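In what follows, a structure is listed as C-alpha cells, so that the remarks can point back to it.
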Amino acid sequence: MTGAGRPPVLLWFRQDLRLSENPALAAVLDRGSPVIPVFVWAPEEEGAWPPGAASRWWLAQSLASLDADLRRRGSRLIVARGPSAKALPRLAAESGATAVFWNRRYEPAAVERDTKVKAALRARGLQAESFNASLLFEPWTIRNQSGQPFRVFTPFWRTCLAKPTPPPWKDAPPRLLPVSDWPGSLKIADLQLEPVVDWAAGFREVWQPGEAGAGRQLDRFLEEALSAYPSDRDRPGISGTSRLSPHLHFGELGPAQVWRAVQSSMRGRVAAAEAYLRQLGWREFAHHLLYHFPNTPQAPLRSEFANFPWKSKAELFKAWTTGRTGYPLVDAGMRELWRTGWMHNRVRMVAASFLVKHLLISWQEGAAWFWDTLVDADLANNTLGWQWVAGCGADAAPYFRIFNPVMQAAKFDPDEAYVRQWVKDRVAPIVDHDEARHRALAALAAMAKS
C-alpha cells in the first residue's frame, strides 16, 4: 500500500483507543489511504452522563499512550474540541480528507449524536462509515423468538452462543502512510482532563492505561488468575479477577480479543474459562438493555419501582461515600474506590445493596457516585448493576433479598485480608441490620400498595 495520490481518511477515535484489531482503522488500511487519527473532546454531547472525574483521568493517560503509539508509526493524534459535527468537517477541509471512519458507541446520547454527525458529513459530500469494535454482537441482532429484545440474561446468552463470534481483525500496522497536510491540533493537556489537586496518586500505583497496559493485564489474568477464577472471583482479598473492565470500556482492547485469548487458554481449565466468558456475556447483556431501553440510566426498567419511597439523607450518604458506615466490608470497598478508582465486583454489590436497602437512598444517587469515581464507569454496566441490586431491572434480584454485610464479609473475606488492607479505623454502625431490613421490607410493601 503506497497511498500515493489517495486523499486521507479521518479516523475518529472515541472509546476504541487501540491500534490492534480496530475495525475502523483496518477499513482505512484496506483502501490504502493515509490516516489522520482524531480525538474530539465534546463532553456536552454525552447527555446527562459526561465523563466523571476518574474517567477523565484515565482518558488523559490513554490518549497520551495512543499518541505515543501513533508517533512510533510515523503518525500522531490530532486533538480538537467539539461540537463534533463542526470539528470533523473542519479537520477534513484542512487536511483534504474525503472520508471519516469510526467505531460505534451504543449509549443513547452517543447514538443520537453519531446519527446527526453521519448525516452532516454526508451532506457535505464526505464519506462517513461506522464499525463495531466494542461488542461481540450488535444489540439489534440479538432478539427473542418474538422478535423483541431480551430482558433475562440466560436465554439472551444462549442465543448469543449460537451465533459465530466476530472474526479477528488486523494487528497494529508497523507504520502508517505519511500525511502531507496535517490539520491543526490542541495538546492533550489543553483539555484539562487531569485533576488540579492530585488525588490520583493511588490510581497511578495500580493502573497502566493504554493498549500496552491492557495487554499486560490480560496476560497477568490468563497466567495467574484464570485457573482459579470460579472460586477466587468472589474473594476481594485475592487477585482473582481480570481487572480488564476499564481497558474494555476505553477500548484499549476489545471483547473479541479477550474472548479468543481466553478460549486459547482453555486446555485443562474449561470450566474456569467458561465462567469468565459468561462475564463477558453480562457485559454484552448490559449494552443490549441500554440500547433497547435507553431511559434506564434514569428510570427503573420495572416501572412500578418509580413509586418506591426512597428517603435521601445527606449525612447517611456521606457516611457511605467516605467508607464510614460501620460495616467493614462496605467501608473497605468505598475506601478502595476512593483510593484506586475501582472496587471488587462482589463488594460493589454489597456496598450498593447497603445504600439502597439499609439506607433507603435511591439507586440513581449511588449510580451517579460510581459514575464519577470509577475508572471503569460504563453507562451500560453501571445501570445494569445498580438496577439489579435495587430489584428494579432485568434479571433483578428480588428487592426483599437483602445482603447482610456481616455475613457477606464472613463468607467472602473470612481472614479479613481485604478489610484489613483498607480499614484502619473502624467506626460504630450507622444503622442496625435487622432494623434496616425491616424498614426496607416495609418500604417495598408501601410501594406495592401504591
Just flag the chymotrypsin sites (Phe, Trp or Tyr not before Pro) in region 95-203 sitting in loop per DSSP whose Cβ has no more than 15 other Cβ atoms within 10 Å.
199
Would any residue of region 271-303 have its amide N under 19 Å from a label point 7 Å out along Cα→Cβ of residue 154? List them or say none.
274-286
Give me the net charge of residue 324's neighbourhood, meaning all other residues with Cβ under 15 Å from the Cβ of residue 324; Lys, Arg count +1, Asp, Glu -1.
+2
Residue of 34, 173, 139 that the Gaussian network model of the chain assigns the largest fluctuation, springs spanning Cα pairs under 10 Å
173
Just add up the charged neighbours of residue 309: K/R +1, D/E -1, any other residue whose Cβ is under 14 Å from the Cβ of residue 309.
+4
Determine the distance separating the Cα centre of region 306-371 from the Cα centre of region 27-104; give it in Å without decimals.
35 Å
Which ³J(HN,Hα) values in Hz, rounded to whole numbers, follow from the phi angles of region 442-447 under the Karplus curve 6.51 cos²θ - 1.76 cosθ + 1.60, where θ = phi - 60° and Gly and Pro get x?
5, 5, 5, 5, 5, 4
Within the set 47, 391, 341, GNM on the chain using Cα springs under 10 Å gives the largest fluctuation to 47
Give me the one-decimal nm value for the distance between modelled label points at residue 421 and residue 224, 7 Å along each residue's Cα-to-Cβ direction.
1.1 nm
Just add up the charged neighbours of residue 151: K/R +1, D/E -1, any other residue whose Cβ is under 15 Å from the Cβ of residue 151.
0
quick note, the chain, DSSP beta bridge pairs, % antiparallel (nearest 5) is 5 percent
Filtering trypsin sites (Lys or Arg not before Pro) in region 168-254 by DSSP loop and by at most 13 other Cβ atoms within 10 Å leaves 175, 187
Hey, can you rank 59-65, 14-20 by average C-beta count inside 10 Å, highest first?
14-20, 59-65
For the chain, set up a GNM with springs between Cα atoms under 10 Å and report which of 141, 241, 321 has the largest fluctuation.
141
Within the set 118/357; 411/449; 118/187; 187/318, which residue pairs have Cα atoms separated by over 32 Å?
118/357; 411/449; 187/318
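Each reported figure results from applying straightforward, stated rules to the coordinates on display, with no laboratory input. Remember, it's a predicted structure, so these values are computed and weren't measured experimentally. Here the Cβ is made from the backbone with ideal geometry for all residues, glycine too, and neighbour counts use every protein chain on show.
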